[in-house]
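The values are calculated or read from the model by the stated rules, or taken from the named source; none is laboratory data. On a predicted model such as this, the values are computed, not experimentally measured, just so you know. All Cβ positions, even for glycine, are placed from backbone atoms using ideal geometry, and neighbour counts span all protein chains on display.
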Amino acid sequence: MLLAKHPLILVFLALSLAPAALVGINGPWLGGGERPFLRTPVAFPERITPETFRRVSTWFNDRLGMRYPLMVLDSHWRLNLWRLRFRGDVLFGTGSWLFFSDAPPAPAARSADLRGTLRMTGAEIAQLDRQMTTAHAQFAACGKAAFIVIAPNKQSIYPEQLRDGGTFLPSRLDDVLAKLGADARAMVIDPRDELRANKSRYGVPDYFPTDSHWNDLGAFIAYQKIVAVLGKANAVDHPELATLDGVSVHAEASTGGDIATRMLFLPWNFPDQKIVLRGLPAIPVSTKVERDGLLFTNPQGKRKLLMFGDSFAAWIAPLLARHFAEVEVLSRPTWPAVFDGEAVVRRNADVTIVEVAERSLPELLQSPVRMDRVCGG
């Protein structure tokens, strides 16, 4: 009845929903390469609550159609007309350099860690120290090794691409490391110094300018740091394999990375480069994708390495497989960033690594689980 009295409502609905009917909800993606990831459209609310009108609006917006073109238009508008230096989780640096927030869920514009104002509380650091010291003792009781690998924020390595001067202010990680006890500190593998020292040595960056991850060169430098620490603990074989001697570093033109594509929807606006390492000794490492992670096997290796890691771990695991008979990566969110004694025993791991991005450091406050099982008890 209402629609009959107000035909303009029908016209509005028809014009609004026509694009979805003709070209689908997302519409065409003209950027080439991998399509951006979009969340699943929300469901229509089943009952009336104080949030009902907002949810109906979100439901409607998710089904307007042409989502890809509209998001590209929005990014162009913000970038070229408003000339903003930030957008949500993204900071715009010099040239094609893009940076993800260093303290999510806070917006990137705050840059609390880059500015040296982000800290864990004293109670949190004390809790972390207790957990790590206890875990270190439990692994050592049966001759096993355990470490925590930090994947640095890109702005921790390239602050000069965000601000003049490019100085490294004391960060949250610096503060935590300075306050941990000796046993806990010895468990942490922090490759920031090596990444900073090598970022101009080869004439190419260690990280993708338009991506949140390190590239092949950055991953290799982090892997060298990991092998060096494991070597001192007698927890890795053939550490001499972790070398770039005789290896050539090449840069190839590439489209924009995950920040340019998945967050800004403008991969063509931010050219990038893929770094290729040529001349690495061939190692017969095979890869298997499993339900909750990755499995790398090497018939020439010894011992087993278990990693609990995020997307950074996938870059370093195949390199570490050059030394181990088996490297298994259990990925988040299925596996949290904690030591799991049951998983260690089930996989008969000799070495266990928890890898966490620097921006996700608070994840380490989660308590290790089933640690009484580490030695098979």
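Structure summary
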read-out: Any hit, region 320-330, residues being charged (D, E, K, R) and more than 20 Å from the chain's Cα centre (by Cα); value: yes
read-out: Any hit, region 258-272, residues being in a strand (DSSP E or B) and not assigned by TED's automatic domain parsing to the domain that holds V344; value: yes
read-out: Strands (runs of 3 or more DSSP E) wholly inside region 278-377 containing at least 3 residues that are buried (at least 23 other Cβ atoms within 10 Å of the Cβ); value: 304-309, 326-331, 351-357
read-out: Matching entry among T334, T287 (being of a type in the set (S, T, N, Q) and touching a Leu at 6+ places or on another chain (Cβ under 7 Å)); value: T287
read-out: Residue ranges of helices (runs of 4 or more DSSP H) in region 107-195 with at least 2 members under 24 Å from Y207 (Cα atoms); value: 154-157, 172-179
read-out: Condition met for G376 (touching a strand residue (DSSP E or B) at 6+ places or on another chain (Cβ under 8 Å) and touching a residue at least 24 places away in the same chain (Cβ under 8 Å)); value: no
read-out: Filter result for F265 (within 30 Å of T134 (Cβ to Cβ) and aromatic (F, W, Y)); value: no
read-out: Residue in region 305-364 that is nearest to D237 (Cα to Cα), counting only those that are of a type in the set (F, W, Y) and touching a residue at least 60 places away in the same chain (Cβ under 8 Å); value: F324
read-out: Counted residues, region 229-256 - those being small (G, A, S), surrounded by 14 or more Cβ atoms within 10 Å (Cβ to Cβ), under 25 Å from S212 (Cα atoms) and at pLDDT 85 or above; value: 3
read-out: Verdict on K288 being in the same structural domain as P191 (by TED's automatic domain parsing) and either more than 18 Å from the chain's Cα centre (by Cα) or in contact (Cβ under 8 Å) with a residue 24 or more places away in the chain (or both); value: yes
read-out: Options F220, F208; residue that is farther than 22 Å from D102 by Cα, crowded, with 23+ Cβ neighbours inside 10 Å and in the same structural domain as D129 (by TED's automatic domain parsing); value: F220
